[in-house]
1. On full extension of the chain, what length is gained from Asn322 through Ile298, given 0.36 nm per residue of separation minus the C-alpha to C-alpha distance?
2. What does the highest-first list of 353-360, 83-90 look like by mean Cβ count within 10 Å?
3. Convert each backbone phi in region 326-332 into a coupling constant with the Karplus relation 6.51 cos²θ - 1.76 cosθ + 1.60 (shift: θ = phi - 60°), then list the ³J(HN,Hα) values in order as whole Hz, x for Gly and Pro.
4. With every protein chain present, what is the per residue accessible area of region 228-350 (1.4 Å probe, Å²)?
5. Output the pairs from Lys289/Lys337; Lys36/Lys326; Lys36/Lys227; Lys87/Lys326 with a Cα-Cα distance over 31 Å in this structure; if there are none, say none.
6. Under a crude label model (7 Å from the Cα following the beta-carbon direction), how far is Trp207 from Ser47 in nanometres?
7. Need the C-alpha centroid separation for region 354-371 versus region 265-296, integer Å.
8. Would you kindly state how much longer the chain becomes between Glu370 and Ile71 on full extension, computed as 0.36 nm times their sequence separation minus their alpha carbon distance, in nm to one decimal?
Amino acid sequence: MGAKQSELKRAFAEDGAHKTHVGGQALIEGVMMRGKYNWAAAVREPSGAVYVEEHELASGRARHAWLYWPIVRGCRAFVESLVLGYKALEVAALHAFGDEESQAEKNDVDVARAAAGNASAASCEVDAAAETASSPDASADENASSGFGKKEMAFSMALGLALGVVLFIVAPALIANLLVGEYDEHTLAWNIVDGLVRVAVFVFYIWLIGRMEDIKRMFGYHGAEHKTIHCFEHGLPLTPDNARAFPRLHVRCGTAFLIMVMLIAIMVYTVTPLNALIAAWGVPDGPAKLALVIAARILLMPLIAGISYEITVKWAGSHPENPLVKVILWPGMQMQKLTTREPDDGQIECAIAAMQKVLERERAQAQAAEA
């Protein structure tokens, strides 16, 4: 066993991986994988069986070609990943717990999931497959009997987004204003402090939720997802033994994307001529000026996300062995040490089950195209 794993690790170090579009996300006791034509969630049930559910992906390129332009496509892919991630989490919540679980316990899981919604992107691959097919099929089951329907889903998403704005935009701005002074008086220093505080808050947030037992399990599934994708990219049979030998870190991970967003934000905020607006509008010092700075940060987030997508997914994802890529993505790769854990064989089996369902559909589509 040891000799085989050493051989696989040596192959990983020496051979470049095949470029692939498959991405995924860790779930409650499971893994979601996403391909060009479908996405699949594999969840470990209390009985020990692996439940697998598959849903279609419908391309919107023909109707909305502008959504696939550079920069714009990154914003679209990020939003769609969040929406799809919530759908997959709902599937997992329905099957990860047995009938003997009390309704109160299920409600606790729903609340925890809503609170952790802001971190869901950190465990989700920013998927290059969004270039060809991306929109979740509207005909997917709503599972109204689950007690977590459209209203609850919308509320949890809104809560997660609000928490994200407060933690990663409002709080850093308040701290920067307190430490540095007014924005237009020390713009460069203000943006640097704001960015560093944002990264520190993010690291602390991930570390804090990572101490919860349920989140530790999810981080193990996150590692299983990465190992399975590595195994597929290197052309090896999808088995726990093969996947186990690969690293639990991956260049296309959403964690790396989020860290890149925070770094790009510092540069974008610094070059934005906000001081000219402050002077032209005569914005007074104090709350009014701070509110304008916060509003500008929120409005610029789509641009920042789009630039980050082009760097981490379109460029770095296509050139993972490039030395410059390794330098630029090093902070995000280090963060993955917090958002992933070494998985057990059962977790890897779930990741493989989801991956196989995606690959089956892609093989079938390829055969149909050849016919």
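1. Gain on stretching Asn322 to Ile298: 5.4 nm.
2. The packing order, highest mean first, is 83-90, 353-360.
3. In residue order, the calculated couplings are 4, 5, 5, 8, 4, x, x Hz.
4. So region 228-350 comes to 41 Å² accessible per residue, rounded to a whole number.
5. Exceeds cut-off: Lys289/Lys337; Lys87/Lys326.
6. Computed distance between label sites Trp207 and Ser47 equals 4.3 nm.
7. 51
8. Stretched out fully, the Glu370 to Ile71 stretch lengthens by 104.3 nm.
The values are calculated or read from the model by the stated rules, or taken from the named source; none is laboratory data. Computed from a predicted model, the values in this text were never measured in an experiment. Reconstructed Cβ throughout: ideal geometry from the backbone, glycine too, with neighbour counts over all protein chains shown. Surface accessibility is based on the protein's heavy atoms, side chains included, excluding ligands, DNA and RNA. Shrake-Rupley method; radii C 1.70, N 1.55, O 1.52, S 1.80 Å.
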